[in-house]
Amino acid sequence: MDAPGLTPTALHIGLTGGIGSGKSTVAGFLARRGAAIIDADAISRSLTAPDGRAMPAIAQTFGSEMLSLDGAMDRQAMRERIFRDPQAKRQLEHIIHPLVSQVTAEQAQAALQSGHRVLVFDVPLLVESPRWRKLVDKVLVVDCLESTQVARVMARSGMTSDAVQSIIRAQATRAQRLAAADITLFNEGLDLEQLRLAVNALTLNV
């Protein structure tokens with residue numbers, strides 16, 4: 001997704017990691033250290049929730065059949081539409097991405113006004129979106145073995161190994177993420193307390 005025009009008056013950290021890496025847990029620990037967490041996925045979901053900013057354009061572009069009874073985007077129907085029509089994915093991205101950038105910038109400004117001087121942008125597809133790298137000061141990658149990713153996601157979601165591996169293949173490779181990292185947190189064999197201590201040991205000026 002497109003990155004917003006970020007303000008230079010704070011330390012901007014791009015946080016990323018593959019599914020099951022523990023990225024969201026790390027974000028929570030960074031928040032405890034005082035960082036403002038700006039979650040790109042959460043913003044995207046809010047845009048397609050009932051009364052979300054993207055819903056008028058989605059309804060106009062795709063029709064009422066893409067809306068659920070509560071007025072949110074029907075995600076299953078949209079997935080099926082995109083599977084049948086690749087152009088639909090581009091149309092949806094054209095609607096969603098600028099709004100994600102807009103809301104991200106709004107949240108960043110609000111965080112600064114609240115006194116935060118470290119902003120953590122939680123972006124699962126940061127490596128796949130090159131513009132982000134130019135707009136953050138450091139990239140923090142949460143890393144682990146692919147076998148650990150699969151085991152964690154299967155345990156929490158009940159998905160099959162093949163389904164999890166399909167998601168992993170659709171994301172940047174582990175090598176690509178590590179190549180983009182300024183800081184790497186290897187979340188392998190750590191319990192929650194050990195992970196918290198590892199986050200606290202990071203030098204992020206938080």
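Run the helix sum for the chain: -39,500 (n - 2.57) per DSSP H stretch of 4+ residues, divided by residue count, reported at 222 nm to the nearest 500 deg cm²/dmol. Before the final figure, lay out each step's value.
Working: 10 runs with 108 residues, N = 206.
After summing the helix terms and dividing by the residues of the chain, the value is -16000 deg cm²/dmol.
Using a 1.4 angstrom probe on heavy atoms only, work out the carbon and sulfur share of the accessible area of segment 1-138 in %. It would help to have the intermediate numbers written out before the result.
On the way: 3530 of 6800 Å².
Carbon and sulfur: 52 percent of the exposed surface of segment 1-138.
Per residue, segment 71-133 exposes an accessible area of 54 Å² to a 1.4 Å probe, with every protein chain left in place.
By the scheme Lys and Arg +1, Asp and Glu -1, what is the net charge of all other residues having a beta-carbon under 9 Å from that of Glu65? Intermediate results must be reported in sequence, preceding the final value.
Numbers: positive: Arg81; negative: Asp74.
Within the 9 Å Cβ shell, the charges total 0.
Taking a ≥ b ≥ c as the square roots of the eigenvalues of the Cα gyration tensor, an a/c ratio of 1.5 or more together with a/b no larger than b/c marks the chain as oblate. Cross-link partners for Lys23 among the lysines, with Cα-Cα distance under 24 Å and sequence neighbours closer than 8 places in the same chain left out: Lys134, Lys138.
Toward the positive end of the charge dipole of the chain, with +1 on the Cβ of Lys and Arg and -1 on the Cβ of Asp and Glu, the farthest Cα among Met73, Gln87, Leu140 is that of Leu140. Computed from point charges on the beta carbon alone (+1 for Lys and Arg, -1 for Asp and Glu), the dipole magnitude for segment 56-206 about its Cα centre is near 340 Debye.
The values are calculated or read from the model by the stated rules, or taken from the named source; none is laboratory data. Quantities reported herein were computed from a predicted structural model and do not represent experimental measurements. For neighbour counting, all protein chains shown are included, and Cβ atoms are generated from backbone atoms with ideal geometry for every residue, glycine included. Heads up: the accessible areas ignore ligands, DNA and RNA and are worked out on the full protein's heavy atoms, side chains in. Shrake-Rupley method; radii C 1.70, N 1.55, O 1.52, S 1.80 Å.
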